[in-house]
Amino acid sequence: MSHRLQFTVKKLIRMALLLLGVSLTAFLLMDASPLDPLQTNVGQAALGAMSPEQVARLEAYWGVNTPAAERYLSWLGGALRGDLGVSLLYRRPVLEVIGQRLSASLGLLIFAWALSGALGLALGILAGASRGRWTDRLIRGGCLLLSSTPAFWLALLLLIVFSVWLRVLPIGLAVPIGAAADSVTLLERLRHALLPAVTLSITGVSGIALHTREKVVDVLDSDYILFARARGEERILRRHVLRNVALPALTLQFASIGEIIGGSVLVEQVFSYPGLGQAAVSAGLGGDMPLLLGITVTTAAIVFGGNLAADLLYGVVDPRIRRGAARG
Amino acid sequence: MSNRRKSTLIWLSLSGVLLCAVVLAGALLGERAITADFTRKNLPPCPAFPFGTDWMGRDMLARTVAGLSLSIRVGALTALASAVLALALGTASAALGGWVDGAVSWTIDLVMGIPHILLIILISIACGRGLWGVTAGVALSHWPALARLVRGEVLQLREAPWLRMSRRLGVPPGRLLWNHLLPHLLPQFLTGLILQFPHAILHEAGVTFLGFGLSPEQPAIGVILSESMGYLAAGRWWLALFPGLALVGVVALFALVGERLRLLLAPASAQE
């Protein structure tokens, strides 16, 4: 067991270093930007009408004249103490904004993650088991088409069909317009989250299905399957294929987290869903560096956490890895 | 299926021809794509304007073709740039080993840890948005997967008998790389390049759609779709349907060709 602990600690240290790298990269990229935050947010006309003192105060607020190294170190110091700074657009602590936005997105993300994973796995196994037949061709063709479809365009299409033509679902936002926050029922919230969640799930399916199919085909071509068939074994799919596909499926599932989050940026924008992705877009367009930096680090932490979880789950799923670790 | 080679070749040349045709047509139709005519605004699809017209009376067919041609050019450029980057970094990582290998592997993990869209947005902001922002963003975020593949390949090749022998015979490293390593990496590289292309186009369109890419005056697919959002509630579905459909068509074609090439070049499935 101490081996597992050592492994986890090693992974955690690597993860911390990577997060540091992510924050530094994001910071340097934003710092290199030629876009002036004052021009973007205040506007040329308003700036011209201001007195020099007002401009100076605004420059101090957006941190225009502080050296980059000093800003990064002070940000890092704050981040280590759990303070990610103050969002310049929302005028609230970044951590608070991220927490609120993430709680709105989390349901969406988890639903899409679980559904696309389950659907992708099922379709992949079905296609792999019927290799060369029409089910396989159909699934492969469909997945190819899906993977070529931009998520935001799919969102637009669903919006046209369900919200404009059929008028069965709302056209955007997370709650009805004008409703007080506490009067919104759970059903209303679900109705608003349905289309974004479905769009996000559909776009995630194809990658997982195609990769799973590949693995299933590999397993079915192996000698042990040939031997099992020769012995006249039944239920080969459940006894041999499923077990051997479990590991790569796990990897795929956890590796898809980043893609789902990336997709949510686009999908939330289409549906004006007030989640983390939409906040990232507003922060980027508005030059809100602390918020964008915070969101980048948060999503990277989620992605790295997913990778770590997959690494740890390998041992749980596969006895060979568990024993190998104990012996080593 | 002994003729998979032939059919792949046909698909490949077909998509090449289509590519050139769209780029050419885009150049020819560039003027029509931005010509406004308020006598014919908001027309649904009809024989004269198969894709309809928008609220400024611009021909959506011309806009779609022009946007597609822009997307293809950006996509080809970024796919090429990121594939070359992947080849260079992957080869360097495996051939030099040591701290270079460590640094490249770490950078791969780093780039893969940030969701693509977010990374492209960040790089695009660093370059001041616009055409070059999104081009740099897509090029710098798509190399890790191919670089990992190339690295694995070179690690295997390094121990190949003919390479060890040439090394012993005193062939200089540069020639070793050029004569013995690169020819073996070429198939991987070309397949990677073609498979990179659909991703590049999709991400360019997505980032432009969000407002970090090409500027609103350019008839890019992302711009067209983003503009259409304001008119969907009014029932003008054609503004979003056809441009998106055209994009999906081009991307799917290249995904198909890339997939066929990959199957052909993989020894396990080449004879299927």
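The values are calculated or read from the model by the stated rules, or taken from the named source; none is laboratory data. None of the values given here were measured: they were computed from a predicted structure. We place every Cβ from the backbone using ideal geometry, glycine too, and count neighbours over all the protein chains shown. Accessible surface areas use protein heavy atoms only, side chains included; no ligands, DNA or RNA. Shrake-Rupley method; radii C 1.70, N 1.55, O 1.52, S 1.80 Å.
A few points about this structure:
- Alpha-carbon Rg/Rh ratio, for the stretch B:191-253, with Rh computed the Kirkwood way: 1.02
- With 5 Å bins beginning at zero, the pair-distance distribution over Cα atoms of the stretch B:49-119 amounts to 3, 13, 12, 15, 12, 10, 9, 7, 7, 5, 4, 2, 0 %.
- Taking a Cβ cut-off of under 13 Å around B:Y231, the surrounding Lys, Arg, Asp and Glu residues balance to a net charge of +1, with basic ones at +1 and acidic ones at -1.
- Length-normalised contact order for chain A - Cα pairs under 8 Å, 6+ apart - percent: 27 percent
- Rg and Dmax [Cα atoms of chain B; Å; Rg one decimal, Dmax integer]: 22.0, 78
- Taken as Cα centroids, the stretch B:49-93 and the stretch A:291-309 sit 30 Å apart, rounded to the nearest whole angstrom.
- Environment charge of A:R213, counting only residues whose C-beta is closer than 11 Å and scoring Lys/Arg +1, Asp/Glu -1: 0
- Per-residue SASA remark: B:H184, around 80 Å² accessible (1.4 Å probe; ligands, DNA and RNA not included).
- Size of the B/A contact, given as accessible area buried on both chains, probe 1.4 Å, in Å²: 3900 Å²
- Each Lys and Arg Cβ is given +1 and each Asp and Glu Cβ -1; about its Cα centre, the protein assembly as shown then shows a dipole of about 2080 debye.
- Farthest positive-ward along the stretch B:116-272 dipole, Cα basis, beta-carbon charges - from B:L241, B:A136, B:L261: B:L261
- Under a model in which nothing but the beta-carbon of Lys, Arg (+1) and Asp, Glu (-1) is charged, chain B shows a dipole of about 680 debye around its Cα centre.
- Exposure check, 1.4 Å probe, all protein chains in place: A:K10 carries approximately 150 Å² of accessible surface.
- Under 18 Å of direct C-alpha separation, and excluding same-chain neighbours fewer than eight residues apart, A:K10 reaches these aspartates and glutamates: A:D311, B:D109.
- Remark: relative contact order (the stretch A:244-328) = 34 percent; criterion is Cα-Cα distance under 8 angstrom and separation of 6 or more residues.
- Adding -39500 (n - 2.57) for every DSSP H run of four residues or longer, then dividing by how many residues the protein assembly as shown holds, sets the calculated 222 nm ellipticity at -25000 deg cm²/dmol.
- Partners of A:K215 within straight-line reach, counting lysines whose Cα lies under 20 Å from its Cα and excluding those fewer than 8 residues away in the same chain: none found.
- Cα-Cα separations in the protein assembly as shown greater than 38 Å, expressed as whole percent: 37 percent
- Cα gyration tensor, chain A - rounded (a/c under 1.5), prolate or oblate: oblate
- In terms of overall dimensions, the C-alpha atoms belonging to the stretch B:165-272 reach 74, 36, 15 Å along their principal axes, ordered largest to smallest.
- Top positive-direction residue, dipole computed over the stretch B:104-186 with Cβ charges, set B:S124, B:L169, B:G113: B:L169
- Residues listed by number, the stretch A:253-279, amide nitrogen under 18 Å from A:D311 label point at 7 Å toward C-beta: A:253-258
- Within the stretch A:276-292, the residues that become at least 10 Å² less accessible when every protein chain is included than when their own chain is isolated (1.4 Å probe; DNA, RNA and ligands ignored) are A:A280, A:V281, A:G284, A:L285, A:L292.
- Total formal charge among the other residues, if their Cβ is under 13 angstrom from that of A:H240, Lys/Arg +1 and Asp/Glu -1: +2
- Largest to smallest in accessible area, the residues B:M229, A:M30 fall in the order B:M229, A:M30 (1.4 Å probe, all protein chains included).
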